[in-house]
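This report concerns only the one structure given below.
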Amino acid sequence: MTANHRTPPSIGRPSRRTFLKATAGTGIAAGLAATGTAQELEGGEIELGGLTAGWEGRSPEDIAGETNPTLSLSSGETYTITWENVDGLPHDLVILDDAGEEIVGTEIMDAEGETLSLEFEATPEMAEYYCSVHPTTMRGSIEIGEDDANNGAANETNETNETNETDGEDVAEDATEIIGEGPTVGLERVAEGFVSPVGFEVAPGEDDRYYVLDQPGQIYVVEDGTSELFLDLSDRMVDVGAATGGGFDERGLLGMAFHPEYRDNRRLFVYYSAPLRDGTGIDAGDDLLEEDDDNETVDNETDNGTTEEGDDGGEGDGEEGYNHTAVLAEFEATGNFNCADPDSERTLLEVPEPQFNHNGGPVLFGPDGYLYWALGDGGGANDDEFGHVEDWYAENAGGNGQDTTENLLGGIHRIDVDSEGDDGEPYAIPEDNPFVGSDEGLDEYFAWGLRNPWRASFDGDGRLFVADVGQNLFEEVDVVESGGNYGWNVREGIECFSTESPNDPSEECPTETPADVRGGEPLIDPVIQYPHQVGDETIGISITGGYVYENDTIPELQGTYVFGDWSDSFGAPSGNLFHSPVEEYEPIAGRTEDELWDINRLSVANAPGEELSRFVLTFGQDNDGELYVLTTARYSDGETGEVFRIVPADEGEEIGAPENPITPQAEETDDEEETANETEEIGNETANETVNETENETTDGTDNETVGNDTGNETIGSSETGNETANETENETDDGDDGF
């Protein structure tokens, strides 16, 4: 018997309010300048290409080839902007005033190759144009001539916000005020040739073999530098990245854990994304968000994968509009432990996912012997899109992070896989789970209030560290305890969050739930937090969780939490490695910046600029406590995936620039290199969201990113890993919203 958790759909449309370039109340300037230069444009036709990496200037000739070109217009002249959807992801084109309010714009459109036109009269108030779905990377300035007061308004706004003297508060002007300089480490390559290696596991009792999870659906066992196929699940999964020809996707093979008694019982547990399965949607109920009058929901039955074959060979008919099904399943290894039997699958849990992103991913056993599984909030921006339910906080629309009764999204779950449930479920519920014997939440919940947990680990003291990918402004690490509420979507990090203005949140919001909501529990703040941007420097856009280093091979890291960030750009691979000294911890709400743990950046010896120049996908830890970092230089195609052991600086090998990395556009220009400094709220995530998003296929004006899934399979040869097939997918992504 499979446990089915059914999710009620909800539809809402947040306003297209400003993406302000400063974070009030935190001293963080988050401004992003356009990469193009001002061009003199007379009234007439303007043509742009719309793709996640940035607006592509096409016509007139003086903006051709520019990324996010500045449009210098004449007040009173009439213009028509015609833009083409280049990548098949959801985009719109909106013109904003200098306060970030919408003046005029098109609808969201996600049909690749289709065009929309916007006719308008230029006015002095116009300051910027952007895509409301991808507001960080797809953003350019407008300069209005014949009005000195407004000419260059966007540039003046940038300068003001980079100084950020709002309310007379002190401002961080340099990223070094947030991120310190840590030690230099070396890297030793132990495996390569993967597509997108998102997991690293070591089985109990096996000290010389490592297991690598490749996002398209393969698990490889690595021994003596050789990779052999251990288990291939691609035949029952969504086709990761196929709809965009290897584009960004947060679905796939996302997590694995070996049973603590694996050498005796051969059991392992895997989390993967399947096409939408029967029975994993539900009828509309009373807790749904009201549909906005402007919201036009598109029938996703075909494009959303609902007619694809599931693992039983049958067609799925889950709830219309949902994207896929999150599956937690058990498998058994064969006699010699060299592979797992794909026919041994025993499904434990199936959870419908409304969007392609924010899937979470961690699967791990705790020191208590129970299995932990972390899920994201269901995807899209703000936690208020299709498939996101109402919660107790009326100021924000949504969301799944604060709800504990309607679905399992936005939380960490703990189950007993060594027993069966009272009604024949393939697992039992630990008696001390928070909601056992209560009607305030589903029994599986261990903790909640999470957006997109991308990697989790226990340290030697039994503390559970969870990296939670943020949205527009902050990334965080939480120390998670039973019954803890970690704030999303009321708070982002230690700051307030607003679904209406996610880049300009209010300064006041609750630090606990009302007394009639689970007894007035605190919204526990993270111990580690960093902003996406300080001044003109991007720190990162999608956190990648790691481990507490408890070995003595690298003394400078001992007793610190080692983690990373997927990339400081959605368009070019530029991940970062960090560490944070572990301090005493108390689960408190209202934590101040001074109470956050310090963060230091790790430099990489023998690498260009002492940087990785790769997307940081995940970390691993072997049975000796040594740490590994897994990277790729593309999204979900190619063979650029690598596994590195982190070693002392003087033991590291030469790490050159990756071959065939992803580029922001098919035809790269000098200006596009600057695009790499623009952040796309991605999500982990993985990237994690890892980076940043698709939202449900609607034509509304939400920050949602959903893409209609197209289907398509590509065969990818991998000489290093033995990949025979890497199915690349059906829903496109960007997240990063977040992709992440």
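The values are calculated or read from the model by the stated rules, or taken from the named source; none is laboratory data. What you see is a predicted model, and the numbers here were worked out from it, not measured in a lab. Positions of Cβ are generated from backbone atoms using ideal geometry, with glycine treated the same way; all protein chains shown enter the neighbour counts.
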Requested in this report: Scan region 404-423 and report the pairs whose first residue is in the same structural domain as GLU330 (by TED's automatic domain parsing) and within 28 Å of GLU521 (Cα to Cα) and whose second residue is loosely packed, with under 15 Cβ neighbours inside 10 Å and modelled with pLDDT under 95, with Cβ atoms within less than 9 Å and a gap of 6+ or a chain change.
Outcome: THR405/ASP287; GLU406/GLY285; GLU406/ASP287
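Tell me the residue from THR592, THR553 that is among the hydroxyl-bearing types (Ser, Thr, Tyr) and within 25 Å of ASN396 (Cβ to Cβ), please. Before you say what the answer is, go through the steps one by one.
Working: THR553 fails: within 25 Å of ASN396 (Cβ to Cβ).
Only one candidate qualifies: THR592.
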Query raised in the report: Tally time: how many residues in region 45-69 are more than 29 Å from the chain's Cα centre (by Cα) and either surrounded by fewer than 16 Cβ atoms within 10 Å (Cβ to Cβ) or among the polar types (S, T, N, Q) (or both)?
Result: 6
Query raised in the report: Considering region 406-434 alone, what residues qualify as being outside any loop (DSSP other than H, G, I, E, B) and in contact with a Phe, Trp or Tyr (Cβ under 9 Å, 6 or more places away or on another chain)?
Result: GLY411, ILE412, HIS413, ARG414, ILE415, ASP416
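Just to be sure before I move on: is ARG267 basic (Lys, Arg), within 27 Å of the chain's Cα centre (by Cα) and modelled with pLDDT of 95 or more in the structure I sent? Can you show your working first?
Details: basic (Lys, Arg): yes; within 27 Å of the chain's Cα centre (by Cα): no; modelled with pLDDT of 95 or more: yes.
Answer is no for this residue.
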Query raised in the report: Looking only at region 490-501, which residues are in contact with a Lys or Arg (Cβ under 7 Å, 6 or more places away or on another chain) and of a type outside the set (D, E, K, R)?
Result: ILE494, PHE497, SER501
Query raised in the report: If you scan region 354-370, which residues turn out to be crowded, with 24+ Cβ neighbours inside 10 Å and either over 17 Å from GLU481 (Cβ atoms) or of a type in the set (Lys, Arg) (or both)?
Result: PRO354, GLN355, PHE356, ASN357, HIS358, ASN359, GLY360, GLY361
Requested in this report: Tell me which residues, restricted to region 348-376, are under 21 Å from GLY620 (Cβ atoms) and out of contact with any Pro (no Cβ under 9 Å at 6 or more places or on another chain).
Outcome: ASN359, VAL363, LEU364, GLY366, PRO367, LEU371
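Taking the residues in region 318-370 that are acidic (Asp, Glu) and closer than 15 Å to ARG251 by Cα as candidates, determine which candidate is nearest to the chain's Cα centre (by Cα). Please lay out each step first, then the result.
Of region 318-370, the ones acidic (Asp, Glu) are 319-320, 330, 332, 341, 343, 345, 350, 353, 368.
With closer than 15 Å to ARG251 by Cα added as a condition, the list becomes 350, 353.
Numbers: GLU350: 21, GLU353: 14 Å.
Checked region 318-370; the qualifying residue nearest to the chain's Cα centre (by Cα) is GLU353.
Here is a yes/no grid of residues against (1) touching a Leu at 6+ places or on another chain (Cβ under 6 Å); (2) surrounded by 20 or more Cβ atoms within 10 Å (Cβ to Cβ); (3) not in a strand (DSSP E or B):
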residue	(1), (2), (3)
GLU440	no, no, yes
ALA447	no, yes, no
LEU450	no, yes, yes
TRP454	no, yes, no
ASP461	no, no, yes
ASN472	no, yes, yes
GLU476	no, yes, no
PRO505	no, yes, yes
GLY520	no, no, yes
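How many residues does region 177-219 hold that are of a type in the set (S, T, N, Q) and not in a loop (DSSP other than H, G, I, E, B)? Before you say what the answer is, go through the steps one by one.
So in region 177-219, the residues of a type in the set (S, T, N, Q) come out as 184, 196, 215, 218.
Retained after the next criterion (residues that are not in a loop (DSSP other than H, G, I, E, B)): 184, 218.
Of the residues in region 177-219, 2 are of a type in the set (S, T, N, Q) and not in a loop (DSSP other than H, G, I, E, B).
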Requested in this report: Working only within region 371-406, note down all residues that are surrounded by 24 or more Cβ atoms within 10 Å (Cβ to Cβ) and charged (D, E, K, R).
Outcome: ASP377, ASP383, ASP384, GLU385, ASP391, ASP403
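Please find, within region 96-113, the residue that is farthest from VAL86 (Cα to Cα) out of those that are hydrophobic (A, V, I, L, M, F, W, C) and out of contact with any Pro (no Cβ under 8 Å at 6 or more places or on another chain).
To start, the set of residues in region 96-113 that are hydrophobic (A, V, I, L, M, F, W, C) comprises 96, 99, 103-104, 108-109, 111.
Cutting the leftovers down to out of contact with any Pro (no Cβ under 8 Å at 6 or more places or on another chain) gives us 96, 99, 103-104, 111.
Working: LEU96: 23, ALA99: 29, ILE103: 24, VAL104: 22, ALA111: 9 Å.
If we take residues in region 96-113 being hydrophobic (A, V, I, L, M, F, W, C) and out of contact with any Pro (no Cβ under 8 Å at 6 or more places or on another chain), then ALA99 is farthest from VAL86 (Cα to Cα).
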Query raised in the report: So which residues in region 407-438 are closer than 30 Å to THR560 by Cβ and either surrounded by fewer than 18 Cβ atoms within 10 Å (Cβ to Cβ) or within 20 Å of the chain's Cα centre (by Cα) (or both)?
Result: GLY410, GLY411, ILE412, HIS413
